[in-house]
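Student: Just passing along the structure, written as structure tokens.
No value in this document is a laboratory result; all are computed from the given coordinates. Since the structure is predicted, the reported quantities are computational estimates derived from the model, not experimental observations. Cβ coordinates were reconstructed from backbone atoms using ideal geometry, including for glycine residues, and neighbour counts include every protein chain displayed.
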Amino acid sequence: HAAIELTQVSKRFPGAAEPAVREVSVAIAPGEIVALLGPSGCGKTTTLRLIAGFERPDTGAIAIAGRCVADGNGTFVPPERRGVGMVFQDYALFPHLSVADNIAFGLGHLSSAERRSRVDDLLALTGLEGVAHRYPHQLSGGQQQRVAIARALAPRPHVLLLDEPFSNLDTELRTQMRAEVRALLKATETTAILVTHDQQEAMTVADRVAVMLQGRVEQIDTPDVVYHFPATRAVARFVGQGTFVPARVAGDVAESDLGRFGLENPAGPQLVELLIRPRDVSLEEDSEGIAVITSRTFNGAEYTYLVQLPCGVQLLSNQPSHVDLAPGTRVRVRCNRSRLAAYDADARIGLTA
Ligand code: ADP
Ligand code: MG
């Protein structure tokens, strides 16, 4: 069975006009890391608090390791009996306890020998052996985060819930800790949900990304699929940069400035839009080309171009820095057809190969 399963879970706070969480259904496999990605206020923290048992769902059911912990019929297992570990944005370490004692905090049920051995294991796992006797204020940000994770993992929870755990770290350390935390979760075969509003973070740490918008999980899939084939236009707009290019439907093909594409379901609307990501477009100088470079910015690793298409759309394109095209240059635009997604009014529609 799933390590965590939410079935049609909804939650509206008293007095709120709209539910914070709407009919969320998600099943997470044992050992899997899922990122809950969405803008501020979309309901991520509320979803975690429902799983942890700090909030009750109005309707729907939550199961952890196959056991129902909350449902609309009055079942409610309190947080301390759910086998859930939590890591918060501010780490919430106990300032008056040493690193070792922070980690030992949830191990009161073990004998002192067992407790010492478990703490030693976690100190080794998180590389904190050398600072076991320090206090939180004597640690770097990265070390504090490791303590928070070690403390949450110590009682061997069924699942670990992390709420924006990297947001207090500076950019360089954040990148390093993402990789470190992923490696640690994989090494310990921990099932985890990572809440973040940062798409890069979601994609680098998680096996699957659940995109949450206005209380709903709009899509849950691998980072690659979420990025290249967003399920809805709203997901496409939130995740990553890209350009929507209009296409006119004629029979079973969609014609656009990016070329002609076959439609899986020709009985659709007359106008569709094609989504193309900046790295999936290549530009070639060509006096017969239909597009014109309007701007070029160097971002350090590559050039970002805006390219005027005949349809009026400005196409965003990233090119390696050896492709240097001045504004005003006429170009031919080629796109990676296998990475093109098409949309009707809202949802993704299929293109043929
Ligand atoms: P996120 O973590 O994605 O930023 P939250 O889950 O914290 O979003 O909040 C979702 C919505 O629920 C927001 O509109 C927020 O204002 C509201 N909300 C969160 N907690 C409470 C609460 N305890 N009481 C009332 N409204 C709340
Ligand atoms: Mg939050």
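Student: Taking the Cα centre of the chain as the origin, how large is its charge dipole in debye, to the nearest 20, when only Lys and Arg (+1) and Asp and Glu (-1) carry charge on their Cβ atoms? Each step should come with its number before you reach the end.
Tutor: Numbers: 35 positive and 40 negative charges, 125 e Å.
Once rounded to the nearest 20, the dipole reads 600 debye.
Student: Now for a different question. Provide the net charge surrounding Arg174, with neighbours chosen by a C-beta distance below 10 Å and charges set as Lys +1, Arg +1, Asp -1, Glu -1. Write down the numbers at each step before the final one.
Tutor: Numbers: positive: Arg178; negative: Asp170, Glu172, Asp198, Glu201.
Here the count lands on -3.
Student: Using only the Cα atoms of region 1-130, what semi-axes does the equivalent ellipsoid have when each is the square root of 5 times a gyration tensor eigenvalue? Give whole Å, largest first. Mind dumping the intermediate values first?
Tutor: Values: eigenvalues 202, 58, 42 Å².
In descending order the semi-axes read 32, 17, 14 Å.
Student: Kirkwood Rh and Cα-based Rg: tell me the resulting Rg over Rh for region 125-201, rounded to two decimals.
Tutor: Details: Rg = 12.3 Å, Rh = 13.1 Å.
That ratio equals 0.94.
Student: Another one. If I model a spin label as a point 7 Å beyond the Cα along the Cα-Cβ vector, how far apart are those points for Ala29 and Ala347 in nm?
Tutor: For the pair Ala29/Ala347, the computed spacing is 2.5 nm.
Student: Assuming a viscosity of 0.890 mPa s and a temperature of 25 °C, what translational diffusion coefficient in µm² per second does Stokes-Einstein assign to region 94-232, Rh being the Kirkwood radius over Cα pairs? Walk me through the numbers before you get to the answer.
Tutor: Working: Rh = 16.3 Å.
For these conditions, the coefficient is 151 µm²/s.
Student: Sticking with this one: Compute the distance from the alpha-carbon center of region 18-83 to that of region 257-281, in whole Å.
Tutor: 37 Å
Student: What does the net charge come to around Thr45 if you take all other residues with beta carbon closer than 12 Å to its beta carbon, with K and R at +1 and D and E at -1?
Tutor: 0
Student: Which number comes out as Rg/Rh for region 242-349 once both Rg and the Kirkwood Rh are worked out on C-alpha atoms?
Tutor: Values: Rg = 14.3 Å, Rh = 14.3 Å.
That ratio equals 1.00.
Student: Taking the Cα centre of region 242-349 as origin, sum charge times position over the Cβ atoms of Lys and Arg (+1) and Asp and Glu (-1), and report the length of that vector in debye to the nearest 20. Show your work: numbers first, answer last.
Tutor: On the way: 11 positive and 14 negative charges, 30 e Å.
Around 140 debye, computed over region 242-349.
Student: For the chain, build the charge dipole from Cβ charges (+1 Lys, Arg; -1 Asp, Glu) around the Cα centre, then report which of Ser111, Leu169, Met212 sits farthest towards its positive end.
Tutor: Of Ser111, Leu169, Met212, it is Ser111.
Student: So, one more: What are the ³J(HN,Hα) couplings of region 10-25, residue after residue, when phi is run through the Karplus curve with 6.51, -1.76, 1.60 and θ = phi - 60°? Round to Hz, x for glycine and proline.
Tutor: 10, 8, 10, 6, x, x, 7, 6, 10, x, 7, 10, 10, 6, 7, 10
Student: A further question on this structure: Can you find, among Tyr135, Val292, Phe244, the residue sitting farthest towards the positive end of the charge dipole of the chain, where Lys and Arg contribute +1 and Asp and Glu -1 at Cβ?
Tutor: Tyr135
Student: Which value, in nm² and rounded to one decimal, describes the direction-averaged projected area of the C-alpha convex hull of region 37-93?
Tutor: Average of the hull's projected areas for region 37-93 equals 4.8 nm².
Student: Here's another thing I want to ask about it. Could you give the dipole magnitude of region 177-336 about its Cα centre, charging the beta-carbon of Lys and Arg +1 and that of Asp and Glu -1, in debye to the nearest 20? Don't skip to the answer; put the middle values down first.
Tutor: Working: 15 positive and 20 negative charges, 54 e Å.
Here region 177-336 has a charge dipole of around 260 debye.
Student: Continuing with the same structure: For the chain, what's the relative contact order in percent, using C-alpha pairs closer than 8 Å and at least 6 residues apart? Mind dumping the intermediate values first?
Tutor: Values: 758 pairs, mean separation 55.1, N = 353.
With pairs under 8 Å counted, the relative contact order is 16 percent.
Student: I would also like to ask the following. Which Cα, out of Ala353, Pro269, Pro157, lies furthest along the positive dipole direction of the chain (beta carbon charges, K/R +1, D/E -1)?
Tutor: Positive-end residue among those listed: Pro157.
Student: What share of the DSSP beta bridges in region 4-237 is antiparallel, in percent to the nearest 5? Don't jump to the answer; show the numbers that get you there.
Tutor: Details: 19 of 37 bridges.
Of those bridges, close to 50 percent are antiparallel.
Student: Do you know the relative contact order of region 104-245, to the nearest whole percent, from alpha carbon pairs under 8 angstrom that are 6+ apart?
Tutor: Numbers: 128 pairs, mean separation 21.7, N = 142.
Computed value for region 104-245: 15 percent relative contact order.
Student: Quick one: which residues, 5 or more positions from Ile349 or on another chain, have an amide H under 5 Å from its amide H? H modelled 1.01 Å from N in the peptide plane, none for Pro or chain starts.
Tutor: Ala342, Tyr343, Asp344
Student: Per residue of the chain, what 222 nm ellipticity follows from adding -39500 (n - 2.57) for every DSSP H run with n ≥ 4, rounded to the nearest 500?
Tutor: So the helix-based figure for the chain works out to -6500 deg cm²/dmol.
Student: Continuing with this model, one more query. How high is the relative contact order of region 242-349? Use alpha-carbon pairs under 8 Å, at least six apart in sequence, and give a whole percent. Could you put the intermediate results ahead of the total?
Tutor: Details: 242 pairs, mean separation 32.5, N = 108.
Result for region 242-349 is 30 percent.
Student: In whole Hz, with x marking every Gly and Pro, tabulate ³J(HN,Hα) for region 160-171 from phi via Karplus 6.51 cos²θ - 1.76 cosθ + 1.60, θ = phi - 60°.
Tutor: For region 160-171, the Karplus curve yields 10, 10, 10, 9, 6, x, 9, 6, 8, 9, 6, 3 Hz.
Student: Using alpha carbon coordinates only, what is the Rg to Rh ratio of the chain, with Rh defined as the Kirkwood radius? Could you put the intermediate results ahead of the total?
Tutor: Details: Rg = 24.3 Å, Rh = 22.8 Å.
Across the chain, the Cα-based Rg/Rh ratio is 1.06.
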